[in-house]
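The values are calculated or read from the model by the stated rules, or taken from the named source; none is laboratory data. A quick note: this is a predicted structure, and the numbers were derived from the prediction, not measured. Glycine gets a Cβ as well: all are built from the backbone with ideal geometry, and neighbour counts include every protein chain shown.
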Ligand SMILES: Cc1cc2nc3c(=O)[nH]c(=O)nc-3n(C[C@H](O)[C@H](O)[C@H](O)COP(=O)(O)OP(=O)(O)OC[C@H]3O[C@@H](n4cnc5c(N)ncnc54)[C@H](O)[C@@H]3O)c2cc1C
Ligand code: HEM
C-alpha cells in the first residue's frame, strides 16, 4: 500500500508529468540505452525513432498513477502489455533498471521542481506498478511453459515452406526443429520472432499474428515486406524475411501470446474487418470458424490497394463460397483495369458506414478489426456511430497501441 502522503503527491503531480510525458520517456530511453545497451536486443529501434513506444509507455505509467489506489481498474491494459512483455522475454530483473532510469529522467526533465518527496513518491508508485506487471507476467511465463507443447523464452523453428501470397506478402510455415509438439493458440494471437541479422549489432524482435487456424503441426506467419521511401528506410526484419530467409533456415520464436482472439463462446454473427496485412489474424479466425463448421453468420471484409497486393483471395473465396453462412467483400482503393475486368472487388475507395450497413445483416454482432492506424480509427468510429457497444468491438494494433480517437474517417482504406 502507498502511504496517504505519497498518494497525494502522485495525484497532484500526474498533470505536470503528463504535460512532460513524452519528453520524460524520450529522455528515459536515451539514458537507459546509454547505460544498458544490451536492452537494444529487446526494444524495437524503429518504434523508438518514430516515438510511438515513448507515447505508449508514458500513457500507461500515468494511467496507472491515476488509479494507484485501485490498480485492478487498469488490469486489462496491464494484461495486454504483459502478453507482449512475456512474448519479448521481459524479466523481473529488468524492472529495477526501467524504474531507475524513469526516475532519473523525471528529475532530469523537471529539474528543481522534482523534489525528493516527489521522486520518493513516484519511486514507491513505480514499485507497485512494476509488482503488478511482474506478478501477471510470472503467471504467463508459467502458462506458456507448462501447457502441452509449450516452452519458455525462444525456441528454434525451421522454415518448412515459404509461399508468396501477393506482390508484397509472403507466408512462412514453421515447424519446431526439435520435432516436438507445439503449443496451441487462440485464433488472433501472435508469436514473437527474434532475428539476428549478421551485419547488425543487436537482435530484433517482431510480432507476427498466426495466420492459420490452431491445431496444425506448424505455425504459419504471413509477412508484408515494408518497403522504404525517401524519408524512411526499408523495414529491417520484414525485408530480411522476404529476401534472405529460405526454406530450411531457422527462426527463433516465443510461444503464442496476445489478448486479441476470437471468442468461441459467442454464438452471434461475427464480422472480420481488415486493412492490408491486418488480414492475418482474420484469416486465422475465418479458418477456425470454417473448420468448426460454425453455425455463425460470418462476414469477412478486406480493404487493400488493389488485386496485386491482395493476399489469400483465392483461399477466402473458396472458403466462403462453399459455406452459405460465410460471405466475403473486398474494397480496393486503387483498382487496376484488370481488377475491374475480373470484377475482383465489391467497392472502390474506402470503407464507410453506409456501405457496411448494406452488407452486414445485423449490427448485433461481434466485430474484430486490424489494419493501419487510420483504417482502425475509421472502423472504430463507424461502429460507434452505428451504435455497436464497446464490448462488441475488438481490435489489434500491429505496433504499440495508439489512440483510436479522433477518427480520421476519411483516411480509411
Ligand atoms: C501484435 C502484432 C502482430 C503483428 N502481425 C503482423 C503480421 O501478421 N504480418 C506483418 O507483416 N506484420 C505484423 N506485425 C508488424 C510486425 O511486427 C513488424 O512491425 C513489421 O513486420 C515491420 O517490421 P520491420 O522490421 O520490417 O520494420 P522496422 O525496421 O521495424 O520499421 C518499421 C517501419 O518504420 C520505418 N522506420 C524505420 N526506421 C525509421 C526511421 N529512422 N525513421 C522513420 N521511419 C523509420 C520503416 O520504414 C518501416 O515502415 C504485427 C505487429 C504486432 C504488434
Ligand atoms: C511498469 C513498467 C512498465 C510499463 C508501464 C511498460 C509499458 C509498456 C507499454 C505500454 C508497451 C507498449 C505495449 C503495446 O501497446 O504494444 C510496452 C512495450 C514494451 N516494453 Fe514495457 N513497460 C514496463 C516495463 C518494461 C520493462 C522492465 C522492459 C524491459 C526492459 C520493457 C520492455 C518493453 C518492450 C521491449 C516493449 C515492446 C515495444 C517496442 O519494442 O517498441 N518494459 N511496455
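Only one of 312, 379 is over 24 Å from residue 164 (Cβ atoms) and not assigned by TED's automatic domain parsing to the domain that holds residue 212. Can you tell me which?
Working: 312 fails: over 24 Å from residue 164 (Cβ atoms).
Sole residue among the options that is over 24 Å from residue 164 (Cβ atoms) and not assigned by TED's automatic domain parsing to the domain that holds residue 212: 379.
Would you pick out the residues in the range 129-157 that are outside any helix (DSSP H, G or I) and within 16 Å of ligand 1 (Cβ to nearest atom)? Outline the logic, then answer.
Taking the range 129-157 and keeping what is outside any helix (DSSP H, G or I), we get 147-157.
Those that are outside any helix (DSSP H, G or I) and within 16 Å of ligand 1 (Cβ to nearest atom): 154, 157.
Could you run through the range 225-240 and say how many residues are within 19 Å of the chain's Cα centre (by Cα) and in contact (Cβ under 8 Å) with a residue 24 or more places away in the chain?
The number of residues fulfilling the criteria is 5.
From the set of residues in the range 69-82 that are within 16 Å of ligand 1 (Cβ to nearest atom) and touching a helix residue (DSSP H, G or I) at 6+ places or on another chain (Cβ under 7 Å), which is modelled with the lowest pLDDT?
Top of the filtered list is 77.
Can you list residue pairs whose Cβ atoms sit under 8 Å apart, with the first residue in the range 263-283 being closer than 21 Å to residue 221 by Cβ and assigned by TED's automatic domain parsing to the domain that holds residue 329 and the second being modelled with pLDDT under 95 and surrounded by 24 or more Cβ atoms within 10 Å (Cβ to Cβ)? Count only pairs 6 or more apart in sequence or on different chains.
Correct list of pairs: 275/412.
Where in the range 204-296 are there strands (runs of 3 or more DSSP E), lying wholly inside it, with at least 1 residues that are within 22 Å of residue 160 (Cβ to Cβ) and more than 16 Å from ligand 2 (Cβ to nearest atom)? Working first, answer last.
Details: elements: 204-209, 219-224, 250-254, 270-275.
Correct list: 219-224, 250-254.
Just checking, which of 359, 393 is touching a strand residue (DSSP E or B) at 6+ places or on another chain (Cβ under 9 Å), surrounded by fewer than 18 Cβ atoms within 10 Å (Cβ to Cβ) and under 25 Å from residue 207 (Cα atoms)?
Numbers: 359 fails: under 25 Å from residue 207 (Cα atoms).
So the residue among 359, 393 that is touching a strand residue (DSSP E or B) at 6+ places or on another chain (Cβ under 9 Å), surrounded by fewer than 18 Cβ atoms within 10 Å (Cβ to Cβ) and under 25 Å from residue 207 (Cα atoms) is 393.
Looking for whichever is under 24 Å from the mean Cα position of the chain (by Cα), closer than 26 Å to residue 13 by Cβ and away from ligand 1 (no atom under 15 Å from the Cβ) here; the options are 66, 98. Which one fits? Steps first, answer last, please.
Numbers: 66 fails: under 24 Å from the mean Cα position of the chain (by Cα).
Unique residue meeting the criteria: 98.
Give the residue, chosen from 60, 90, 109, that is within 30 Å of residue 202 (Cα to Cα) and without any contact (Cβ under 8 Å) to a residue 40 or more places away in the chain.
Values: 90 fails: without any contact (Cβ under 8 Å) to a residue 40 or more places away in the chain; 109 fails: without any contact (Cβ under 8 Å) to a residue 40 or more places away in the chain.
Testing whether each residue is within 30 Å of residue 202 (Cα to Cα) and without any contact (Cβ under 8 Å) to a residue 40 or more places away in the chain leaves just 60.
Can you name every residue in the range 41-56 that is near ligand 2 (Cβ under 6 Å from one of its atoms) and at pLDDT 70 or above?
Within the range 41-56, the first condition is being near ligand 2 (Cβ under 6 Å from one of its atoms), and the residues that meet it are 42-44, 47, 53, 56.
Selection gives 42, 43, 44, 47.
Could you tell me whether residue 378 is assigned to a helix (DSSP H, G or I) and at pLDDT 95 or above?
Spelling it out, residue 378 is indeed assigned to a helix (DSSP H, G or I) and at pLDDT 95 or above.
For the range 136-157, does any single residue satisfy the condition of being buried (at least 17 other Cβ atoms within 10 Å of the Cβ), within 30 Å of residue 310 (Cα to Cα) and in contact with a strand residue (DSSP E or B) (Cβ under 7 Å, 6 or more places away or on another chain)?
Yes.
Within the range 72-95, restricting attention to residues that are surrounded by 16 or more Cβ atoms within 10 Å (Cβ to Cβ) and more than 18 Å from the chain's Cα centre (by Cα), which residue is nearest to residue 400 (Cα to Cα)?
Among residues in the range 72-95 that are surrounded by 16 or more Cβ atoms within 10 Å (Cβ to Cβ) and more than 18 Å from the chain's Cα centre (by Cα), the one nearest to residue 400 (Cα to Cα) is 74.
Can you name the condition, by its number, that residue 162 falls short on among (1) under 24 Å from residue 46 (Cα atoms); (2) touching a residue at least 60 places away in the same chain (Cβ under 8 Å); (3) out of contact with any helix residue (DSSP H, G or I) (no Cβ under 8 Å at 6 or more places or on another chain)?
(1)
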